[in-house]
Amino acid sequence: MSETWYEEELIPTSAIVEQIAKATSRSLASVQAQVDEQARGKVRVAAPAWERLSDTSNLLTSGIPADFYRVRLGFEFEVTPAGEAAQARFVYAVCAAYLWSAMAGREQPRVYELYPRDYYDENQPPAATFDLGPEIRVGEAGGSLGKVSVTLPLASHEPVVVGYVGEEERAPRWELRPKSQTLRGIRYFWLLIQAPQSCGGVRLAARAEGDVQTVLGRIPIGPKERNWEARRSVLIR
């Protein structure tokens, strides 16, 4: 894995624990103890890696002076050892990011393209091919962020993935739904960001959440801090 940016615990909300206790007619304390043991997870977020593109001649800018950055994000999920022993596993995950201008009151950056947008064959994981130009091409599947000179597998076992550019084209996220296995290993995602030169750079924050299948059922878990601007961010420029 790339250098770790941070690790973050993923936990269910108190409202979820209360719902489980009510549905199972058990005491809140006993359910909380079981949830703490089996329905907690962790996400390890790789330090974002980026490169400013020097050749942007084939990109559409609408006449607005802008810089373009190719950015790689990485997320790795795991459940607690006790949860793994009880066969708890991630059955759904969302890997998300948020972009905003480094200078207040300026034009905002946007996602020009992202990869993967969608992928449905978990038996044959996709590969991203990189060249020296400003795009990533994905074999016969289509979709592009750049040219490159090496082909890199995205993961050894790739689940169903669907990508979205999000609100105002600056809240990208990828939804992962493994079919027959839990999420294992690191998941890499790529963005091509268009940053108007007036914004003075791009701030990028990341966040992950998911659902864990346990003996208590499917339980959503996420970070304690969900406010984007209160989360750790990097400056891209």
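The values are calculated or read from the model by the stated rules, or taken from the named source; none is laboratory data. Please read these numbers as outputs of a predicted model, since none were measured by experiment. Using ideal geometry, Cβ is built from the backbone for each residue, glycine included, and neighbour counts are taken over all protein chains shown.
Residue pairs, Cβ under 6 Å, 6 or more apart or interchain, first in the range 208-221 and over 9 Å from G41 (Cβ atoms), second surrounded by fewer than 21 Cβ atoms within 10 Å (Cβ to Cβ) and among the basic types (K, R). List them.
D211/R218; Q213/R89
Considering the range 71-82 alone, what residues qualify as being in contact (Cβ under 8 Å) with a residue 12 or more places away in the chain and surrounded by fewer than 22 Cβ atoms within 10 Å (Cβ to Cβ)?
Correct list: R72, G74, E76, E78, T80, A82.
Could you please find all residues in the range 1-35 being charged (D, E, K, R) and surrounded by 15 or more Cβ atoms within 10 Å (Cβ to Cβ)?
E8
Report yes if some residue within the range 195-214 is outside any helix (DSSP H, G or I), more than 18 Å from the chain's Cα centre (by Cα), over 30 Å from L59 (Cβ atoms) and of a type outside the set (K, R); otherwise report no.
Yes, the range 195-214 has at least one match.
Being within 15 Å of the chain's Cα centre (by Cα), over 22 Å from Y112 (Cβ atoms) and modelled with pLDDT of 95 or more: is that true of E8 here?
yes
Report every pair of residues separated by at least 6 positions or lying on different chains whose Cβ atoms are under 7 Å apart, first residue within the range 90-110 and on the phi < 0 side of the Ramachandran plot and of a type in the set (S, T, N, Q), second in a strand (DSSP E or B) and surrounded by 19 or more Cβ atoms within 10 Å (Cβ to Cβ).
Q108/W100; Q108/S101
Any residue at all in the range 48-66 that is assigned to a helix (DSSP H, G or I), within 30 Å of P172 (Cα to Cα) and either of a type outside the set (D, E, K, R) or modelled with pLDDT under 90 (or both)?
no
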